[in-house]
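Take a look at the structure set out below.
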Amino acid sequence: MAIPVEQLADEMYEIVKESAGVKKLKGGDLTKAMVAKHGDEVSRSDVKAAIRILIDSGRCVYGYFGGSSIELPHTEAAENQ
Amino acid sequence: MADDLKTPLLDELEQGPWPSFVKDIKSMAGKKEMAKDLLRQLEKSYEDKRGYWKHGGLVGVMGYGGGVIGRYSALPEEFPGVSHFHTMRINQTSGWFYTSEALREITKIWEEHGSGLLNVHGSTGDLVLLGTRTEELEPTFRALTEKGWDLGGSGSDLRTPSCCVGPARCENACFDTLAVNYNLTHQYQDELHRPMFNYKYKIKISGCPNDCTAAIARSDMGIIGIWKDDIQVDSKAMADYVDSGMDVQGLVVENCPTGCIQLDGKEIRIDNSNCVKCMHCINVLPKALSPGKERGAAITLGAKAPIVEGALFGSVIIPFMKIEEPFEEVHDLIERIWEFWDEHGTSRERIGEFIERVSLAAFLEGIGEKPLPQMIKAPRDNPYVFYEEYFAEEGEGE
Amino acid sequence: MATEVERKTDIGPPHYDQFLHPLIKENYGKWQYHETLAPGVLMHHGPAGDIYTVRVSSPRLVSVNFLNAIMDLADKYSDGYFRFTSRNNVEFLLASKDNIEPLKQEVEALGLLVGGTNNAISNVVHTQGWVHCHSAATDASGLVKSVMDELAEYFTSMKLPAKLRVAVACCLNMCGAVHASDIAILGVHRTPPKIDNETLPNLCEIPTTVASCPNNAIRPTSIEGKATVKVDEEKCMYCGNCYTVCPAMPLADPLNDGVSIWVGGKICNARTEPMFTKLAIPYLPNNPPRWPEVTSAVKKIVEIYAANAKPYERVGEWINRIGWPQFFDMAGIEFTKYHLDDFRHAGTTYRRSLHNRY
């Protein structure tokens, strides 16, 4: 049985939340975490769709420092008002 | 010009025959505080011999993780006009062809929403809009998409592919560079806008081995035109070159890297089995010689600038493939490469570094391609071979 | 919200077809040959007729005013059609030969140059520099302007032995990918990053920062109980990788930042294989606004190349023929320990034969 993408989105959101401030996670890290947890029940395209849900809803944002990451929304240190 | 703008060092760069970027920025300074403070901050950089920018990493348009580069002045109180100075990368057209009607729509949008300054074009190929504020990103994006333009890539994603002038204005194009460039840019919009890779992935497309987009040096994946059969010769045009007094022997025959050309009176004889398609003779004798008829492209992988493990040129991964609509073979190859790299690459590892780490043999096996002698300069010269086939003693094993 | 236009995403670029001159469309894929009529002026011959290209210099960093002026000329002389080259030149695409001269005159009246074809120095591929980049060790636009003011005659003529490609990158990130140009000008930092131990723990991930260093020079540490990193300065080669992932490790050092000069790279496959640029001058000072040390060094290299190379011989091919000792001698450049490679595969650059010139 395929895992619903909404469930994947929720699970990935928890992972992002837990690693906030510790490690910036990349799309690939989240994919690997989901595959490790659910095996054949998730596909790469499901994970992609779930990330898109997280980003489009504003629960997560893309960040960049030498590589792109998926993070919780926050004010960045470089920002000027 | 505003009287309060004092930039004596930069003013010196308004002199001289080469067109001046200072003049251009100044031409916006009357209208845009952003352009004025850009000049002021740059003047300070010229005085102090250092830059004054911070790098931002979060700004973008909703839903996209690429296409916007966040930039903030390190001296926002001194130069409030460039407190925000973000870049937007716009997908250029195939071959960088424009009409004034279409590009005027962009200049109008950018004059309204940004600094009015641009790079035409950026190193990867995008049309680069330089300098706007965070709150202007979304309105600019909306205005651009209304007129049919979209953002390019940045970060760990596919960058906007770029191609040479190709069949639009070059007799040497071995395939339709504009068509494949357009097709790949559209086929992979998701990969362009939503970073999911280990690091950046640049595609450059050149129609022949002259490689006007520098694919061999600057692209993770190069699609470079090549042919397999004989160079086409127009004997009359060839005779005309000889009759004109041109030193064909010295300029062409003696420059052939494999010595496969002979000049016999007014006739040129080419040992095509020995030709390495370097383009020299075709470049020097464009009226007489042209690439063969069996045309396609070689695919190279792995070129990059030094960061992290040193600069690399691309290596030939597919010595020859046909590049034809609807380009399904190209898509299939790209997707096999991405899947293997996604699965086994590490963070910030470009495809070239990845192939060197896992070995070409393992990479080819991973993407399902057979090793071919065209992929190497020479076989290995060390004996450290990882043998995988063994004989078993009789009676043992299966 | 009913009146609001729906937000569009992932529409990609417009189709190129609408930007092609009608004559180009008719000749698409059928071009037979081209001729260079004058510096910066090409004629491409196809069955549907000839198209004339006028190639024009651009500072690349331009304003909408620049583009609007170009587009006015395109409307007047090339039916509104034009393009840009991979080296950022502007190209007007003319159906009428009669428009070439009046267009050239108007282009020159704008302060732009016509040229950059065949055996010329074409436009200089370059990066953002102090104008827009956080990691720049120099300014790219100012260097290009200063160098090309000196070399403009090589843009507007075709008197060099072969084409000569100059590129500028303002740090080792090489957004301008200068590693395969005939002459490359590369901004360099020469001192290790200055660690801001106050902000680093908040701004940066320690493991990512440690992993970013290609030479394993960064180690985790703690100062007054706060986690941070330290740099083994002996191992640091000032590449700026750590700064890319950790903004609390800036490299800018006005006293020591500067410029290095590289020579002999090429991209096209003609005659010889593509080649990397090699180090010629390890360091020249940043001396804005005109960088006189850099411009005179580049000019000297161009001049000795122009005087000594054979027809069609690129800078790298010429140096390979005469040998590096002669190149350093002719260019008057001191050979130092910095010219000896000490990174990965350094041994491949050592002389491992007796093929030497004395």
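The values are calculated or read from the model by the stated rules, or taken from the named source; none is laboratory data. Quick caveat, the model's predicted, so the values are computed rather than measured. Here Cβ is always computed from backbone atoms with ideal geometry, including for glycine, and neighbour counts include all displayed protein chains. Surface areas here come from the heavy atoms of the whole protein model, side chains and all, with no ligands, DNA or RNA. Shrake-Rupley method; radii C 1.70, N 1.55, O 1.52, S 1.80 Å.
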Leaving ligands, DNA and RNA out of it, work out the accessible area of residue B:53 with a 1.4 Å probe and give it in Å² to the nearest 10.
10
Excluding ligands, DNA and RNA, the carbon-plus-sulfur percentage of the accessible area of chain C with a 1.4 Å probe reads 52
For chain B, just the Cα set please: Rg and Dmax, both in angstrom.
25.7, 97
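Considering only DSSP beta bridges with both partners in chain B, what is the antiparallel share in %, to the nearest 5?
Numbers: 33 of 40 bridges.
Of all bridge pairs located within chain B, approximately 80 percent are antiparallel.
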Net charge (Lys, Arg +1; Asp, Glu -1) of residues whose beta-carbon lies under 9 Å from that of residue A:44, residue A:44 excluded, is -2
Which distance in nm do the two modelled labels at residue B:357 and residue C:157 give, with both placed 7 Å along the Cα-to-Cβ direction?
5.1
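Rounded to the nearest 20 Debye, what is the dipole magnitude of the protein assembly as shown about its Cα centre when Lys and Arg each give +1 and Asp and Glu each give -1 at the C-beta? Please report the intermediate quantities before stating the final value.
On the way: 87 positive and 114 negative charges, 402 e Å.
So the dipole magnitude of the protein assembly as shown works out to roughly 1920 debye.
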Using +1 on the beta carbon of Lys and Arg, -1 on that of Asp and Glu, and nothing else charged, what's the dipole of the stretch C:199-255 about the Cα centre, debye to 20?
120
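For chain A, what's the relative contact order in percent, using C-alpha pairs closer than 8 Å and at least 6 residues apart? Write out the running numbers ahead of the final one.
Values: 76 pairs, mean separation 28.8, N = 81.
Relative contact order, chain A: 36 percent.
What is the mean number of Cβ atoms from other protein chains located within 10 Å of the Cβ atom of each residue in peptide C:305-311, rounded to a whole number?
Values: counts 0, 0, 0, 0, 0, 4, 5.
Taking the mean over all residues of the peptide, I get 1.
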For the pair residue B:369/residue B:14, report the inter-label distance in nm, with labels modelled 7 Å from Cα in the Cβ direction.
5.4
Residue C:15 paired with residue B:339, simple spin-label distance in nm, labels 7 Å along Cα-to-beta-carbon:
3.1
Below 8 Å between Cα atoms, with a sequence gap of 6+, how large is the relative contact order for chain B in percent?
11
Pairwise burial A:C, computed as accessible area of each alone minus the pair, summed, 1.4 Å, Å²:
600
Number of partner chain Cβ atoms within 10 Å, mean per residue of B:6-17
4
To the nearest 10 degrees, how steeply does helix C:140-155 sit against the main Cα axis of chain C, on a 0 to 90 scale?
40
Nearest-ten-degree value, helix B:100-113 long axis tilted from longest Cα axis of chain B
40
For the stretch A:39-81, state which residues have at least 50 Å² less accessible area in the presence of all protein chains than in their chain by itself, taking the probe as 1.4 Å and leaving out ligands, DNA and RNA.
A:44, A:48, A:52, A:62, A:64, A:65, A:66, A:68, A:76, A:78, A:80
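Per 0.36 nm of contour for each residue apart, how much would the distance between residue C:105 and residue C:25 grow if the chain were fully extended, relative to their Cα-Cα spacing? Write down the numbers at each step before the final one.
Details: separation 80, 0.36 × 80 = 28.80 nm, distance 2.79 nm.
Working it through step by step, the gained length comes to 26.0 nm.
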Report the relative contact order of chain C, percent, no decimals, based on alpha-carbon pairs under 8 angstrom and at least 6 residues apart.
12
Solvent-accessible area of residue C:348 with every protein chain in place, 1.4 Å probe, in Å² to the nearest 10
110
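Dipole of the stretch B:121-209, Cα-centred, from +1 at each Lys and Arg C-beta and -1 at each Asp and Glu C-beta, to the nearest 20 debye? Spell out each step's value before the answer.
On the way: 9 positive and 11 negative charges, 48 e Å.
Using Cβ point charges on Lys, Arg, Asp and Glu, the stretch B:121-209 gives about 240 debye.
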Per-residue average of other protein chain Cβ atoms inside 10 Å, peptide C:64-76 -> 6
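Give the range of the longest stretch in chain C that excludes all GluC sites (Glu not before Pro) found in loop regions by DSSP and having at most 12 other beta-carbon atoms within 10 Å.
Details: sites that count: C:4, C:6, C:198, C:224, C:233, C:234, C:334.
The longest such stretch corresponds to C:7-197.
Report D for the stretch C:183-265 in µm² per second (integer): Stokes-Einstein, Kirkwood Rh on Cα pairs, 37 °C, 0.692 mPa s.
Reported coefficient: 242 µm²/s.
To two decimal places, what compactness ratio does the stretch B:4-124 give when its Cα radius of gyration is scaled by 2.2 N^0.38 Å?
Compactness ratio reported: 1.15.
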Shape verdict for the protein assembly as shown, please, from the Cα gyration tensor: rounded (a/c under 1.5), prolate (a/b greater than b/c) or oblate.
rounded
Using a 1.4 angstrom probe on heavy atoms only, work out the carbon and sulfur share of the accessible area of chain A in %.
55
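How would B:321, C:158 line up by accessible area, probe 1.4 Å, largest first? Intermediate values should be presented prior to the final figure.
Numbers: B:321 20, C:158 65 Å².
Greatest to least solvent exposure: C:158, B:321.
So which trypsin sites (Lys or Arg not before Pro) in the stretch B:293-369 are both in a DSSP loop and have at most 12 other Cβ atoms within 10 Å of their Cβ? Kindly include the intermediate steps, with their values, before the conclusion.
Details: sites: B:293, B:295, B:304, B:322, B:336, B:348, B:350, B:357; in loops: B:293, B:322, B:348, B:350.
In loop regions of the stretch B:293-369 (DSSP not H, G, I, E or B), the sparsely surrounded trypsin sites (Lys or Arg not before Pro) are B:293, B:322.
Compactness ratio of the stretch C:62-196: Cα Rg over 2.2 N^0.38 Å, N = residue count? Spell out each step's value before the answer.
Values: Rg = 17.4 Å, N = 135, 2.2 N^0.38 = 14.2 Å.
Taking the Cα Rg and dividing by 2.2 N^0.38 Å, one obtains 1.23.
What FRET efficiency do you get for residue A:40 and residue B:230 if R0 is 56 Å and r is their Cβ-Cβ distance, rounded to the nearest 0.05? Don't skip to the end; give the middle numbers.
Values: r = 52 Å, r/R0 = 0.92.
For residue A:40 and residue B:230, the calculated efficiency is 0.60.
Please work out the Cα convex hull volume for the stretch C:214-358 and give it in Å³ per residue.
Values: hull volume 24.4 nm³, N = 145.
Spread over its residues, the Cα hull of the stretch C:214-358 gives 168 Å³ apiece.
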Under 18 Å from residue B:293, Cα to Cα: lysines that are on another chain or at least 8 residues apart
B:228, B:277, B:322, C:30
For the peptides C:273-280, B:236-243, what is the packing order when you average, over each peptide's residues, the other Cβ atoms within 10 Å and list the highest mean first?
C:273-280, B:236-243
Taking 51 Å as R0, compute the FRET efficiency from the Cβ-Cβ separation of residue C:48 and residue C:224 and round it to 0.05.
0.10
GNM, chain B, Cα, under 10 Å: largest mean-square fluctuation among B:320, B:175, B:386?
B:386
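In terms of solvent-accessible area of protein heavy atoms at a 1.4 angstrom probe, what is the ranking of C:345, C:134, C:15, highest value first?
Details: C:345 135, C:134 45, C:15 65 Å².
Sorted descending by solvent-accessible area, the residues read C:345, C:15, C:134.
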Evaluate the Debye formula for the stretch A:5-71 with equal point scatterers sitting on the alpha carbons, no solvent, and hand back log10 of I(q)/I(0) at q = 0.24, 0.25 Å⁻¹, in q order, two decimals.
-1.04, -1.13
Area buried, chain B against chain C - accessible surface, total, 1.4 angstrom probe, square angstrom
10000
Once R0 is set to 56 Å, what does the formula 1/(1 + (r/R0)^6) return for the Cβ-Cβ distance between residue A:32 and residue C:338, expressed as a FRET efficiency to the nearest 0.05?
0.85
q = 0.16, 0.18, 0.22 Å⁻¹: log10 I(q)/I(0) that the Debye formula gives for the stretch B:228-365, counting C-alpha atoms only
-0.88, -0.97, -1.23
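With a 1.4 Å probe and all protein chains in place, put B:58, B:127 in order of accessible area, largest first.
Values: B:58 35, B:127 0 Å².
Listed by decreasing accessible area, they come as B:58, B:127.
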Using Cα-only point scatterers and the Debye equation, what is log10 of I(q)/I(0) for the stretch B:232-290 at each q in 0.19 Å⁻¹, rounded to two decimals?
-0.58
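Taking a probe of 1.4 Å, how large is the accessible area per residue of the protein assembly as shown, in Å²?
Numbers: 34140 Å² over 837 residues.
Per residue, the protein assembly as shown has an accessible area of 41 Å².
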Accessible surface buried once B binds A (1.4 Å probe; total of both sides; Å²):
2400
